[in-house]
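This report refers to the structure that appears directly beneath it.
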Amino acid sequence: MCSKVGCGRSAERTLSYDYADSLVAIGPLGLTPDPHSYDLCRAHADSLRIPRGWTLMRYREPEDRETDPTLGDLSHDQP
Ligand SMILES: [Zn+2]
């Protein structure tokens, strides 16, 4: 189920926070077994607002995976 209070829709995305890198990642449901992850419905995942200064990273849909085989290796402004 979606983690948003008052939302009864089924979850379709998993949201995970990486506090060390100020990074918010949205991926397919259950992709990352992370203690800081939340499941969200599609609507809430798409309308998510992230804290200022954070980076939002969306994983590709599974059908796009052949163009990005290393899902855990998305680049994001690493120095
Ligand atoms: Zn929702």
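What part of the accessible area of segment 1-62, given as a whole %, is carbon or sulfur when the probe is 1.4 angstrom? Write out the running numbers ahead of the final one.
Details: 1900 of 3920 Å².
The nonpolar share, carbon plus sulfur, comes to 48 percent.
Restricting to bridges with both residues inside segment 1-62, how much of the DSSP beta-bridge set is antiparallel, in percent to the nearest 5? Taking every DSSP beta bridge within segment 1-62, about 70 percent pair in antiparallel fashion.
Around LEU40, what is the net charge, scoring Lys/Arg as +1 and Asp/Glu as -1 over all other residues with Cβ under 13 Å from its Cβ? Don't skip to the answer; put the middle values down first.
Values: positive: LYS4, ARG9, ARG13, ARG42, ARG49, ARG58; negative: GLU12, ASP39, ASP46.
Summing Lys/Arg as +1 and Asp/Glu as -1 gives +3.
Note on LEU29 and SER47: the extension gain reaches 4.8 nm, defined as 0.36 nm multiplied by sequence separation minus the Cα-Cα distance.
With a 1.4 Å probe rolled over the protein heavy atoms of all chains, the accessible area of ASP46, ASP39 falls in the order ASP46, ASP39, largest first. Built from the Cα atoms of segment 1-62, the convex hull projects on average onto 4.3 nm², one quarter of its surface area. Between HIS36 and SER3, the simple spin-label model (points 7 angstrom out along Cα→Cβ) gives 1.1 nm.
The accessible area of ARG42, taken with all protein chains in place and a 1.4 Å probe, comes to roughly 110 Å².
Between SER22 and LEU56, the simple label model (points 7 Å from Cα in the Cβ direction) yields a spacing of 1.7 nm.
The values are calculated or read from the model by the stated rules, or taken from the named source; none is laboratory data. All values reported here derive from a predicted model rather than from experimental measurement. Counting neighbours? That spans all protein chains shown, and the Cβs are built from the backbone with ideal geometry, glycine included. Note: areas computed on protein heavy atoms with side chains; ligands, DNA, RNA excluded. Shrake-Rupley method; radii C 1.70, N 1.55, O 1.52, S 1.80 Å.
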